[in-house]
Amino acid sequence: MSEDKTPYESPVIIGCDHAAYPLKETIKAFLQGKGVEVIDAGCHGLNSVNYPDFAKEVAGSISNGTYKKGILLCGTGLGMSMAANRFKGVRAALVSDGFSARMSRMHNDSNILVLGARVIGESLALDLVQTWMETPFEGGRHLDRIQMFESFE
Ligand code: RB5
């Protein structure tokens, strides 16, 4: 019998600040376990760092087309999502529930998943990553709507 495995898009670039370093390591291992190549943009420890540096690294690489999907993590997810969404073509979705994770893909074609490590637990975080990775974009009228705001300056 063949294994029923959803093929996960690969590679995925991931970045975090000190507040989310342990969660980043957990998510990285989870994705690698699914056969995903994970590009680790840091940070690499618990020493205090500035989240915009990592948002820039990840969102910049999505914006310039180097990678198609990214994950950003900080304490609340707020700073990372604010910073990431300054980049053209980036649709960073800060989510903490499964419905929003799924809809961010189906209706918004989110290309960066943002999670707050001080907001949600590890099990929920992995569940959200899984949902987000497995849910396709619906296109159609949702693409028209994305195109409407992609031209905003
Ligand atoms: C770091 O203390 C914290 O401010 C950061 O992780 C994030 O929550 C910012 O939005």
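Applying a threshold of 21 Å to the alpha-carbon distances of Lys34/Lys69; Lys56/Lys88; Lys34/Lys56; Lys68/Lys88 flags Lys34/Lys56 as lying beyond it. Over all orientations, region 45-85 has a Cα convex hull whose mean projected area works out to 2.9 square nanometres. Dipole magnitude for region 51-94: computed about the Cα centre from +1 point charges on Lys and Arg Cβ and -1 point charges on Asp and Glu Cβ, it is near 220 debye. Evaluated at 20 °C with a viscosity of 1.002 mPa s, what Stokes-Einstein diffusion coefficient in µm²/s does region 1-116 have when Rh comes from the Kirkwood expression over alpha-carbon pairs? It diffuses with D of about 152 µm²/s by this estimate. Our helix-only sum for the chain, with -39,500 (n - 2.57) per DSSP H run of n ≥ 4 divided by its residues, gives a mean residue ellipticity at 222 nm of -13000 deg cm²/dmol.
For region 58-114, report the convex hull volume of the alpha-carbon atoms normalised per residue, in Å³, without decimals.
It comes to 64 Å³ per residue, whole-number rounded.
The alpha carbon radius of gyration of region 48-153, expressed as a multiple of 2.2 N^0.38 Å, is 1.02.
In terms of the mean number of neighbouring beta-carbon atoms within 10 Å, the peptides 9-18, 82-91 order highest first as 9-18, 82-91.
Length gained on full extension, Arg118 to Ala29: 30.1 nm, using 0.36 nm per residue less the C-alpha separation.
Taking every alpha-carbon pair under 8 Å whose residues sit at least 6 apart, the chain reaches a relative contact order of 23 percent. Percent of alpha carbon pairs in region 94-153 separated by more than 20 Å? Counting every Cα pair in region 94-153, those more than 20 Å apart make up 31 percent.
Subtracting the Cα-Cα distance of Arg86 and Met148 from 0.36 nm times their residue separation leaves 20.7 nm of extension gain.
Since every read-out is calculated from the coordinates, none of them should be taken as a lab result. Keep in mind that what you see is a predicted model, and the values were worked out from it rather than measured. Virtual Cβ from ideal backbone geometry, glycine too; neighbours counted across all protein chains shown.
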